[in-house]
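K.L.:
Here it is: the structure, laid out below.
The values are calculated or read from the model by the stated rules, or taken from the named source; none is laboratory data. Nothing here was measured: the structure is a model prediction, and the numbers come from that model. All Cβ positions, even for glycine, are placed from backbone atoms using ideal geometry, and neighbour counts span all protein chains on display. Heads up: the accessible areas ignore ligands, DNA and RNA and are worked out on the full protein's heavy atoms, side chains in. Shrake-Rupley method; radii C 1.70, N 1.55, O 1.52, S 1.80 Å.
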Amino acid sequence: MSQAVYLDYAATTPVDPRVVEVMMRHLGPEGTFANPASRSHLYGWLAEEAVENARRQVADALNADPREIVWTSGATEADNLAIKGVVEQRGGGHVITAASEHKAVLDPCGWLERSGVPVTYLAPGADGRIDPQAVADVLREDTVLVSIMHANNETGVINDIDAIGAICREAGVLFHSDAAQTAGKLPLDVRATPVDMLSLSAHKFYGPKGMGALYVRRHPDVRLSAQIHGGGHERNMRSGTLATHQIVGMGEALALAVAERDAEQTRLAGLRDRLWDQIATLPGVHLNGRDAPRLAGHLNVAFEGVDGEMLLTALTEVAVSTGSACTSASLEPSYVLKAMGLADDLAHGAIRLSLGRFTGEDEVDRAGQNVTEAVTRLRDAARSRA
Ligand SMILES: *Cc1c(COP(=O)(O)O)cnc(C)c1O
């Protein structure tokens, strides 16, 4: 029996072998291992050069200036820095976000609320999108920050960050977007999109885990209070010795993803549609976010009369999840699907199938067959119990 088909690329991706090779050159005694902050020897200068080369790769992917890239330990830290950093710098103020955001945004917002900062949580529409007008409607005199993700990690639904950003810019309010699911997958251009901060995570685009970045706009200048102190690295925004091998891995991974983006997204959309066509032969299936623009590799599907957790157990040939990796340990229905207005029983019956760079047609067919068989079997079993 071969291994289960990995269809959980939205939770994390393996590191691309080409990226592994670059990372390996920055680890051992023969490699560029030194502290990039060491200014007194060639070892340090070479490490700094590698870090700055990667900073340019990440900046180029966003059409940003390298000085606008702040290295972090991932998108969770980038989200924390953006949200808490702005509110602390401003000495308080109202924050707007959405109920369907990742926990990496919701939890810092909850933390701020407990310390007295007012936060408004917008509900997505039934299609999963945040209506830009809804943002405009809840702006206040004291609003300092709007944080709305680019694409949702559970549904793959893509928000119109150009329109939301334009509303924020017009109102003089900073706009942050968690782009962990879209960097390397959708075109991102900070000269065209009025976004002030963007969170990125390397392990969502075939780079290493534990590595990310926050894009922080310089014109007009975004001021942030550091959330990690010690040493004053990253222009005082994020202290800590830079992880050279992680950083070069992130730079290389993003450069590769951008270079191959169009071909890869086209291929993934084809595979996704192929998988959906097989699943859609079943009665009582719902494609969540079907009416909205969605990421090419994502399928979030609810099955009437089937419990998502039981389905996961029955899916012996496919590695998938019920939604976000962070909440799949709980038996609660997905808060993202519930925010979209899905009934509890349907939200309980939903699974996320996410495809990626190493997914093949044969794997999609194996997964499609396993899903249709398992759903049919679970429904038959429920019927004979009734
Ligand atoms: C994965 C993910 C995160 C967390 O990123 P880490 O680098 O694992 O901290 C945050 N937001 C979204 C939308 C994600 O998909």
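K.L.:
From Cα pairs below 8 angstrom and at least 6 apart in sequence, can you work out the relative contact order of the chain, rounded to a whole percent?
P.N.:
So the answer I get is 23 percent.
K.L.:
Next up: Compute the relative contact order of segment 138-250 as a whole-number percentage, counting only Cα pairs closer than 8 Å that sit 6 or more residues apart in sequence.
P.N.:
18 percent.
K.L.:
If I compute solvent accessible area with a 1.4 Å probe over the protein chains, what percent of it on the chain is carbon and sulfur?
P.N.:
That fraction is 51 percent.
K.L.:
Taking the simple approach of a point 7 Å from Cα along Cα-to-Cβ for both residue 241 and residue 170, what is their distance in nm?
P.N.:
5.0 nm
K.L.:
Okay, moving on. Could you please report the charge total around residue 268, scoring K, R as +1 and D, E as -1 over all other residues with beta-carbon less than 9 angstrom from its beta-carbon?
P.N.:
Charge balance near residue 268 sits at +3.
K.L.:
Considering only DSSP beta bridges whose two residues both sit in segment 17-255, what percent are antiparallel, to the nearest 5?
P.N.:
If we restrict to bridges inside segment 17-255, about 45 percent are antiparallel.
K.L.:
Where does helix 161-171 land angle-wise versus the long Cα axis of the chain, in degrees 0 to 90, nearest 10?
P.N.:
Helix 161-171 sits at roughly 50 degrees to that axis.
K.L.:
What is segment 1-104 by shape, rounded, prolate or oblate, if you read a ≥ b ≥ c off the alpha carbon gyration tensor as root eigenvalues and call it rounded for a/c under 1.5, prolate for a/b larger than b/c, and oblate otherwise?
P.N.:
It comes out oblate by the Cα gyration axes.
K.L.:
By how many degrees, 0 to 90 and rounded to 10, does the Cα axis of helix 261-279 deviate from the longest principal axis of the chain?
P.N.:
20 degrees
K.L.:
Then there is this: Angle, helix 361-385 long axis vs. longest principal axis of the chain, Cα atoms, 0 to 90°, nearest 10?
P.N.:
50 degrees
K.L.:
Please give the per residue accessible area of the chain, computed with a probe of 1.4 Å over protein heavy atoms only, in Å².
P.N.:
With the other protein chains kept in place, the chain gives 42 Å² per residue.
K.L.:
Compute the Cα gyration tensor for segment 133-261, then decide on rounded, prolate or oblate, letting a ≥ b ≥ c be the square roots of its eigenvalues: rounded whenever a/c is under 1.5, prolate when a/b is larger than b/c in the other cases, and oblate in all that remain.
P.N.:
Note, shape of segment 133-261 comes out oblate.
K.L.:
Mind giving me the FRET efficiency for residue 192 and residue 141? R0 is 41 Å, r the Cβ-Cβ distance, nearest 0.05 is fine.
P.N.:
According to the calculation, E is roughly 0.90.
K.L.:
Please label the shape of segment 17-255 as rounded, prolate or oblate, based on the square roots a ≥ b ≥ c of the eigenvalues of the alpha-carbon gyration tensor (a/c under 1.5 means rounded; beyond that, a/b larger than b/c means prolate, else oblate).
P.N.:
The shape class here is prolate.
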